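The values are calculated or read from the model by the stated rules, or taken from the named source; none is laboratory data. Keep in mind that what you see is a predicted model, and the values were worked out from it rather than measured. Reconstructed Cβ throughout: ideal geometry from the backbone, glycine too, with neighbour counts over all protein chains shown. All accessible areas refer to the heavy atoms of the entire protein, side chains included, with ligands and DNA or RNA removed. Shrake-Rupley method; radii C 1.70, N 1.55, O 1.52, S 1.80 Å.
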Amino acid sequence: MSTVKIPPVLRQAVGGERTVEVGGSTMGEVLEALCAQYPAVGGQILTADGELHKYVNVYVNDEDARLLQWIDTPVGDADTVMILPAMAGGAR
Amino acid sequence: MSPSYQDLLAAAREAIPEVEPSDVAPRVEAGDGPLIIDVRETGEWDQGHLPGSVHIPRGFLESRIGTVAPDHDRELLISCASGQRSLLAAVTLRDMGFTNVSNLAGGFARWKQNNYPVQVPRILTPAQRSRYSRHILIPEVGEEGQLKLLDSKALLIGAGGLGSPAAYYLAAAGVGTIGLVDDDVVDESNLQRQIIHTTDRVGVNKGESAEEAIRALNPGVQVNVHPFRVNRDNVLDLLSEYDVVVDGADNFPTRYLLADAALMTNTPLVHASILRFEGHASVFQPYDGPCYRCLFPEPPPPDLAPSCGEAGVLGVLCGVMGNIQATEAIKVLLGIGDTLSGRLLIYDALGMTFTELKVRRDPDCPSCGPNADLQLRDYEAWCAGVGSHDHAGATA
């Protein structure tokens, strides 16, 4: 089981949790398992074709998955997958 | 019999080699001379000194030499006004284990008589020395760094959650000119976090309110109030007047506008954003490190990117993140330390964790990549439209 870090905007979709443990041997499988368990997450981060939206950054440990093997990046038990959408808040 | 002053000098001359100005001047000019330590008093140093020399008043020699010269085998040349105080200082350094110490014969007076170059420092006023004394004591800042800050100009986008603490601390630090861009007025609901404003200034423009607070804290700071929104027509003129821009905006169009304008004007951008208990921070150094679009090529749709006004924010989180921005801005202005360039710092106040992610330059970045066609666009329309045409490759 890998740890998925959930950003504040998606926490409601996973019952308020900040991290969720899911299985899978690649980043894509981990996110698939997450979306199967919490369909509301899929509605936010996946396109109609089931692909990750371009505005969703995914990190495996501290590295941008786009620079690894994207959804095929291997993920083990000790790894953390972080979903990271940009945040805008600052002034108001 | 106890030794007299003359006896001490005579003994020191036996122990410490003396160097004539004519021996060392060519090396100083070529930039490969010894590390010159000037042990005179501050008033004397301020009148002029050897170029590149370091000032440690005799009374602080033992306590400060370690930071200035950590290597005990480094070649040191000690100077004072006439070569006597420096001779005794050299003995002290030799006793402290410095192996390569010599004395400047005839001191600064003989150096000057021979018409070798003299550096006259721009100096802080006594009042500035007192106000910034805790900065001056830090070797990485010092009087030189403080003068640099006083000459610096920082532009803050937003005088709100992030801009309040950032502006306050940058002003306290003596950043000489602070620009505040905000078209909004202080609202009672701002005061839970926007600490530069006050209850009796509700209804006042945020820039003007912040100016009043800054004037009370540090009247030496020039505040430029820009009571409008930053937009395509004014952003380039605005940024080109400043040395660093601190992004505390509350919306994506402004953030992407700033990111592109920072590249176009070659202005370092200190980024932070906040929501609820979580903060992001980074530094974008144009064409040297990644830019904002290398990190976030496209903004998320509005439902994935609520504002603090919609989703809330812990007041004190603004203080932490705004002060991280102030810290990074000061480092950028002074050119010291390792900034957050190439890293995204994520602060989770609820778990009290700091996480760092690597951010790399994207070779295909539509803003800073080699094939980018960088021009200011209609960011409002672009941000609003992105969610509906996700794979359209944006509108680079």
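Post the alpha-carbon centroid distance, the range B:72-124 to the range B:294-367, in whole angstrom.
47
Taking H placed 1.01 Å from N in the peptide plane, check which residues at least 5 places from B:Asn103 or on another chain put their amide H under 5 Å from its amide H.
Hits under the 5 Å cutoff: B:Glu18, B:Val19, B:Ile78.
Do any residues of the range B:289-307 lose at least 30 Å² of accessible area when the full set of protein chains is present rather than just their chain alone, and if so which, with a 1.4 Å probe?
B:Leu295, B:Phe296, B:Pro297, B:Glu298, B:Pro300, B:Leu304
Taking the square root of 5 times each eigenvalue of the Cα gyration tensor, what semi-axes in Å does the equivalent ellipsoid of the range B:152-386 have, largest first?
Equivalent-ellipsoid dimensions as semi-axes: 25, 20, 18 Å.
For helix B:5-15, what angle does its Cα long axis make with the longest principal axis of chain B, in degrees from 0 to 90 and rounded to 10?
Orientation of helix B:5-15: about 80 degrees from the principal axis.
Using θ = phi - 60° and the Karplus form 6.51 cos²θ - 1.76 cosθ + 1.60, what ³J(HN,Hα) does each residue of the range B:202-214 get, whole Hz, x for Gly and Pro?
These are the phi-based 3J(HN,Hα) values: 4, x, 8, 3, 5, x, 5, 5, 5, 4, 5, 5, 5 Hz.
Can you tell me the length gained on complete extension of the stretch B:Leu191 to B:Phe354, counting 0.36 nm per residue apart and subtracting the Cα distance?
Between B:Leu191 and B:Phe354, full extension yields 56.1 nm more.
Excluding ligands, DNA and RNA, what is the solvent-accessible area per residue of the protein assembly as shown at a probe of 1.4 Å, expressed in Å²?
So the protein assembly as shown comes to 43 Å² accessible per residue, rounded to a whole number.
What pairs in B:Lys206/B:Lys358; B:Lys148/B:Lys206; B:Lys112/B:Lys148; B:Lys153/B:Lys358 have C-alpha atoms more than 31 Å from each other?
Long pairs (Cα-Cα over 31 Å): B:Lys206/B:Lys358.
If you build the Cα gyration tensor of chain B and take the root of 5 times each eigenvalue, what three semi-axes come out, in whole angstrom, biggest first? Provide the component values of the computation, followed by the final result.
Values: eigenvalues 530, 106, 69 Å².
The equivalent ellipsoid of chain B has semi-axes of 51, 23, 19 Å.
Plugging the Kirkwood radius over Cα pairs into Stokes-Einstein for chain A, at a temperature of 20 °C and a viscosity of 1.002 mPa s, what D comes out in µm²/s?
Diffusion coefficient, whole number: 162 µm²/s.
Search the structure for amide H atoms under 5 Å from the amide H of A:Asp64, placed 1.01 Å from N in the peptide plane, and list their residues when 5 or more places away or on another chain.
Those lying under 5 Å, H to H, from A:Asp64 are B:Lys358.
Rounded to two decimals, what is Rg over Rh for the range B:5-113 when you use alpha-carbon atoms and the Kirkwood radius?
Rounded to two decimals, Rg/Rh equals 0.92.
Give me the angle, in degrees from 0 to 90, between the Cα long axis of helix A:27-37 and the longest principal axis of the Cα atoms of chain A, rounded to the nearest 10.
Taking the Cα atoms of chain A, the angle to A:27-37 is about 60 degrees.
How long, wide and thick is the protein assembly as shown, going by the Cα atoms along their three principal axes, in whole angstroms, largest first?
Extents along the principal axes, in whole Å: 94, 54, 44.
If you take the accessible area of B alone plus A alone and subtract the pair, what total do you get in square angstrom, rounded to 100, with a 1.4 Å probe? Mind showing how you got there, number by number?
On the way: alone 18890 and 5820 Å², together 21190 Å².
For B against A, buried area totals roughly 3500 Å².
Just the number, please: carbon plus sulfur as a percent of the accessible area of the protein assembly as shown, 1.4 Å probe, no ligands or DNA/RNA counted.
Its accessible area is 50 percent carbon and sulfur atoms.
How far is helix B:252-265 tilted, in degrees, relative to the longest principal axis of the Cα atoms in chain B, given as a value from 0 to 90 rounded to the nearest 10?
40
So, in nm, how far is label B:Arg122 from label B:Asp32 when the simple model puts each one 7 Å beyond its Cα toward the Cβ?
In this crude label model, B:Arg122 to B:Asp32 measures out at 3.2 nm.
How high is the relative contact order of the range B:152-386, in percent, counting Cα pairs under 8 Å that sit 6 or more residues apart?
Relative contact order for the range B:152-386 comes out at 22 percent.
Counting alpha carbon pairs within less than 8 Å and at least 6 residues apart, what relative contact order, in whole percent, applies to chain B?
Rounded, it is 12 percent for chain B.
Name the residue, out of B:Ala281, B:Ala159, B:Ala11, whose mean-square fluctuation peaks in a Gaussian network model built on chain B with Cα pairs under 10 Å.
Top of the fluctuation ranking is B:Ala11.
Would you mind calculating the gained length between B:Asp73 and B:Glu44 on full extension (0.36 nm times residue separation, minus the Cα-Cα distance), in nm to one decimal? Don't skip to the answer; put the middle values down first.
Values: separation 29, 0.36 × 29 = 10.44 nm, distance 2.83 nm.
Contour length minus Cα-Cα distance gives 7.6 nm.
Which value in nm describes the separation of the simple spin-label points at B:Tyr5 and A:Trp70, placed 7 Å from the Cα toward the beta carbon?
8.1
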